[in-house]
């Protein structure tokens with residue numbers, strides 16, 4: 001029995017070592033994604049997903065690596081690869097891993113990879129906001145000379161593409177049990193779905209959706225019996241989007257409309273009255 005358990009443990013460990021993340025296919029600008037907030041009120045923190053003491057945690061970053069880029073005072077570096085070399089400031093029990101490509105979080109130049117912050121925060125932590133700094137070492141050549149450059153994210157002013165300050169990345173750590181027992185919906189951090197207007201309506205109504213990043217979603221409308229009367233795939237762009245819905249073919253009554261992706265579902269009520 002002990003040998004069987006040891007074998008099962010070895011196989012499970014092997015599966016965990018082979019686990020790897022999936023990069024966000026919608027990102028293309030070089031650097032770390034999602035971007036941090038930009039110092040303006042009303043923007044969600046990044047990472048958006050809170051952690052809780054004693055509960056498993058996972059959050060994935062995508063990293064777009066260029067084939068070359070300019071270093072002020074040095075010149076253009078042809079990028080061989082980039083390696084995630086550190087994530088500082090994490091709560092005890094969390095680390096980075098589950099990289100893609102699998103291995104030591106080394107991403108070839110001109111490609112997109114990812115890594116995850118994973119683990120279980122232990123009881124030595126205090127609830128609160130933990131600012132984290134991510135270090136990526138870029139390896140390549142300037143002319144023919146080997147060159148390595150350490151970049152931090154959020155980026156310092158030298159590599160900051162924005163004209164305004166960036167907020168730090170920060171993990172919100174909550175007390176034990178709050179994540180399991182809460183009604184936290186991760187999709188709420190991606191989208192702000194407004195109430196349809198006009199409401200009630202007889203034919204056309206409009207739904208304003210503020211998207212934090214570009215992505216694909218399923219828009220559905222259901223009646224009070226749970227029957228789906230509409231289902232449409234939408235690609236939402238970063239910023240404000242307007243969904244126009246024609247309900248003229250539906251009888252009077254209360255309906256539920258929703259937007260969904262792999263992160264979750266956001267649902268609102270609307271009323272058709274003719």
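The values are calculated or read from the model by the stated rules, or taken from the named source; none is laboratory data. From a predicted model like this one, the values you see are computed outputs, not experimental measurements. Don't worry about glycine lacking a Cβ; one is built from the backbone with ideal geometry, like all the others, and counts go over all protein chains shown.
General remarks:
- Reported count of residues in region 229-254, each being modelled with pLDDT of 85 or more and farther than 13 Å from residue 202 by Cβ, is 16.
Residue-wise test of (1) modelled with pLDDT under 85; (2) in a strand (DSSP E or B).
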{"site": "32", "(1), (2)": "no, yes"}
{"site": "69", "(1), (2)": "yes, yes"}
{"site": "107", "(1), (2)": "no, yes"}
{"site": "123", "(1), (2)": "no, no"}
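- Restricting region 222-265 to residues that are under 26 Å from the mean Cα position of the chain (by Cα) and under 20 Å from residue 198 (Cβ atoms), the residue that is surrounded by the fewest Cβ atoms within 10 Å (Cβ to Cβ) is 242.
- Of the residues contained in region 58-68, none is found to be over 30 Å from residue 130 (Cα atoms), touching a helix residue (DSSP H, G or I) at 6+ places or on another chain (Cβ under 7 Å) and touching a residue at least 40 places away in the same chain (Cβ under 8 Å).
- Just one of the listed residues (144, 193, 136) is over 16 Å from the mean Cα position of the chain (by Cα) and modelled with pLDDT under 85, and it is 144.
- Against the list (1) more than 21 Å from residue 60 (Cα to Cα); (2) surrounded by 19 or more Cβ atoms within 10 Å (Cβ to Cβ), the condition residue 215 fails is (1).
- Among the residues listed as 40, 90, 63, the single one being within 16 Å of the chain's Cα centre (by Cα), outside any helix (DSSP H, G or I) and either at pLDDT below 75 or on the phi < 0 side of the Ramachandran plot (or both): 63
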